[in-house]
1. Provide a single number: the residues in the stretch 49-73 that are surrounded by 17 or more Cβ atoms within 10 Å (Cβ to Cβ) and at pLDDT 95 or above.
2. Could you count how many residues in the stretch 37-72 are basic (K, R), in a loop (DSSP other than H, G, I, E, B) and within 14 Å of the ligand (Cβ to nearest atom)?
3. Is there a residue being in a loop (DSSP other than H, G, I, E, B), more than 9 Å from the ligand (Cβ to nearest atom), over 14 Å from F72 (Cβ atoms) and at pLDDT 95 or above anywhere in the stretch 11-34?
Amino acid sequence: MDGPAQPVMNGPAEPQCSAKGCRADATWQLQWNNPKLHTPDYRKTWLACDDHRVTLGQFLEVRGFLREVTPFGTATDASIS
Ligand SMILES: [Zn+2]
């Protein structure tokens with residue numbers, strides 16, 4: 001046993017796409033709200049790669065949940081909930 005300093009493979013939150021099975025880097029954040037579950041000012045955030053920005057966005061949009069899509073990984077603050 002040599003020491004504790006090995007990086008852990010699945011360590012703290014890397015910004016990856018939220019789509020199932022996708023491990024691409026997230027470049028977009030989709031902010032949404034389900035009025036049946038959330039208060040009106042609450043925002044859930046999904047992260048998405050370029051491809052899944054469309055599919056995840058459509059998933060939310062047909063349900064009327066999608067509120068905002070913003071670039072992720074820029075200087076803007078990105079709180080993930
Ligand atoms: Zn993806």
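The values are calculated or read from the model by the stated rules, or taken from the named source; none is laboratory data. All values derive from a computational prediction rather than experimental measurement. Glycine gets a Cβ as well: all are built from the backbone with ideal geometry, and neighbour counts include every protein chain shown.
1. The number of residues fulfilling the criteria is 9.
2. Result for the stretch 37-72: 0.
3. The answer is yes; a qualifying residue exists.
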